[in-house]
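The values are calculated or read from the model by the stated rules, or taken from the named source; none is laboratory data. Since we're looking at a predicted model, the values are computed, not measured. Note that we place each Cβ from the backbone using ideal geometry, even for glycine, and neighbour counts take in every protein chain shown.
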Amino acid sequence: MTDRKSNKTGRHTGNRSHGGKSGGKRRDAEPKRAAGMRKDKQASPPAGDSIRLNKYIAHAGICSRRDADTFIADGKVRVNGKVVTEMGYQVSPEDRITVSGQKIEPEPFVYLLMNKPRDTITTTSDEKGRKTVMDLIENATGQRVYPVGRLDRNTTGLILLTNDGDLANRLMHPSYKVRKVYDVETSRMLTDEELTQLRTGIPLEDGPAKAYRVTRHPAYLNVVALSMHEGRNRVVRRMMEALGVDVLSLDRVAYGPLQKKGIRVGRWRNLRKTEINELRKMVRLLPMDHLDRNG
């Protein structure tokens, strides 16, 4: 990555890193009739290699699981030619599933790790026509992927994009306390007392926020590394604002076990299988070795 110019304090501002009951299937599941009519319970295949129908649809890249539930409730989903409207219905790899008459199959999971540049939106689209992370990976894969969480428009660094919804949801859930490390360049050097405040907690309007580890860069004294489990909106910038300092640059250099090293700004790479397994283990999901195309 190209170094940025020195700031007015004379300190260099280039990159600095610290560091998803058995039972036979009924042959004649009845299609949905008129609204309000009683629907017979539809049996499911054995659970050994089965998957919930809404999850199967979501894995096919058609929509989210919530939208899949709507398709199912509206009678737009057929399994082996029969309309299925039961929530929680299980399907197997041998089943033929159609949504609104279109046959679907689950997409393979894709995991991309990007070094997001400045002035880039962490969304799948932008109504104002601004550049998004999806623009950067436009030709990366034939599958539809989504960013896991967000980075501010002018925050740089690691962002994970995937179509593995189970993994993405758990990584974003605060109960799993996924580690995030940020290099923060401030307009002045923080005092030792302010570093202690960052560790013990900074009062914010939505509750106190703290870093579990804070280290000052040995060479660039106006740069600190914050290790956080928090994922609230703009939490690092708001912590610095509460201390009365401006953030000149904010760069996420680690996300869980993933490191930014070797990924140029604006570029991405596929995760290695060992890295995927580390992430899945961290949030208590089965490793890739136990997954087939139906996840």
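Considering GLY231, GLY266, the condition of being in the same structural domain as THR156 (by TED's automatic domain parsing), touching a Leu at 6+ places or on another chain (Cβ under 7 Å), in a loop (DSSP other than H, G, I, E, B) and small (Gly, Ala, Ser) is satisfied by GLY266 alone.
The residues listed here are LEU198, LEU204; of these, the one that is out of contact with any Ser or Thr (no Cβ under 9 Å at 6 or more places or on another chain), at pLDDT 95 or above, in a helix (DSSP H, G or I) and hydrophobic (A, V, I, L, M, F, W, C) is LEU198.
Within segment 212-228, being outside any loop (DSSP other than H, G, I, E, B) and either crowded, with 18+ Cβ neighbours inside 10 Å or in contact with a helix residue (DSSP H, G or I) (Cβ under 8 Å, 6 or more places away or on another chain) (or both) holds for ARG213, VAL214, ARG216, VAL223, VAL224, ALA225, LEU226, MET228.
Screening segment 264-287 for residues that are β-branched (Val, Ile, Thr) and surrounded by 18 or more Cβ atoms within 10 Å (Cβ to Cβ) and picking the one that is nearest to ALA211 (Cα to Cα) gives VAL283.
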